[in-house]
Amino acid sequence: RSRRGSDGKFARKNSSRNGGGGAGTAGGGDVSPRQQQGDANDGKGKGALTNTSTATTTAAAAADHNQPQQQHQQQIVPASSNNNGSNNNSDNLLRGGNWHGNSDLAELEAEHHEITKVKNISKIIMGRYTVEAWYYSPFPHPYNQLDSLYICEYCLKYMRKPKFYLKHCSGECPHRCPPGNEIYRENNISVYELDGKDHRVYCQNLCLLAKLFLDHKTLYYDVDPFYFYVITEVDEEGAHIVGYFSKEKVSAEEYNLACILTFPQYQKCGYGKFIISLSYELSKREGKPGSPEKPLSDLGKISYRSYWTHVLLTLFAEQKGDENIQIKDISLMTGIKTEDIISTLQSLNMIRFWKGQHVVFVMQDFLKKYMSEQKRKKKKLRLCDGKYLSWVPHAERKKGGAGSGGVGAGGSD
């Protein structure tokens, strides 16, 4: 079972260790579940041949899923705290799977399923928005059984009562942006990098908040091994959190993204693609092509495949037909790992066998058609622009003192 925000990566099964939890992600909007991937057979123009490395397995077809319904309104409505009623649905418990018949583990899984199948917080009030929660989140007692939870959008401190929330936001909170270093500023978009070790409380609060909108998310408090990148919209009041992604400090699998989320009130604004492109811009700066944590859900495949397709076709459109580019060169230029490039080209029917070797067959008519469609679109893709990124890879930085501690306490009445 996987659900999503609208664009971005999505809640998936069998999660692995992940910064702020996440097997899966939800995101904000410019990818449709029926996103057209394009077919190389649509055009009948001449093709350009480019040498590649040997192709691997074919890409899996992405399935169509319904989007979970979201409700949010632009008004703070103080509400009294109430316990949620029990859910009377008698869903069958999933058994087996990773537990392989172990009765103790199966019992723990059944207990976890029973606890988390009913969301424990109905809605959150955050800044100008009241947002309906989608899933269970393990906020500590007494914040874990509420009709409304009040959250400061700057320090992410959570509160039970509106009077304390209004008092906090009207003067007690000294913050108007996330902690950490600002690494990106383009118009009203700003991105902050946080070290989970240096800003532990803020990152833990962020993970608990994100769990309200992510189905399978297992890590909330052990944030030290991760970097967090918080995307914000800036106005005269401050930097309002839009979404985030987390990344392992050391990844043996060379993952460049662990968990990604665009909050519901900012979905369908193109931030999902922006966050994905930012993760690859960091990989290019590091000189190490990366990939999102695997396995991806079906909706995750759709979102990433859409991004990979756009990047590769745009790159091919900028190349001259007589250039001989290897897959490894494309990987270094885009930050995308070779296996992701090959699977995307296979899905576009661009991998051919010619004169004893695999080549990329680029149909010029198809390429021109795709680029003209992109130009005609009223809603342009929102992507990270490298010239606005002020970031040096951590391996190249001089060793210095540790940053400041976490912002604010976890919760308050």
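Points worth noting:
- A395-K163 FRET efficiency (beta carbon distance; Förster radius 35 Å; 0.05 resolution): 0.15
- Unit Cα scatterers, Debye sum, segment 204-314: log10 I(q)/I(0) for q = 0.10, 0.18 Å⁻¹: -0.30, -1.02
- In segment 189-259, the chymotrypsin sites (Phe, Trp or Tyr not before Pro) that fall in loop regions by DSSP, at most 15 other Cβ within 10 Å: Y221
- Set against the 2.2 N^0.38 Å expectation for a compact globular protein, segment 128-173 has a Cα radius of gyration ratio of 1.16.
- Alpha-carbon Rg with Dmax, taken over segment 241-292, Å: 11.6, 35
- Distance from the Cα centroid of segment 253-328 to that of segment 232-247 is 21 Å (rounded to whole angstrom).
- In this label model, V250 and D385 are separated by 3.8 nm, measuring between points 7 Å along each Cα→Cβ vector.
- Among the GluC sites (Glu not before Pro) in segment 306-399, those placed in a DSSP loop whose Cβ has at most 13 other Cβ atoms within 10 Å are E323.
- Rg(Cα) / (2.2 N^0.38 Å) computed for segment 120-252, rounded to two decimals: 1.04
- For segment 120-229, trypsin sites (Lys or Arg not before Pro) meeting the loop criterion (DSSP other than H, G, I, E, B) and having at most 15 other Cβ atoms within 10 Å: R128, R176.
Since every read-out is calculated from the coordinates, none of them should be taken as a lab result. What you are looking at is a predicted structure, and each value in this text was computed from that prediction instead of being measured. Note that each Cβ is placed from the backbone with ideal geometry, even for glycine, and that neighbours are counted across all protein chains shown.
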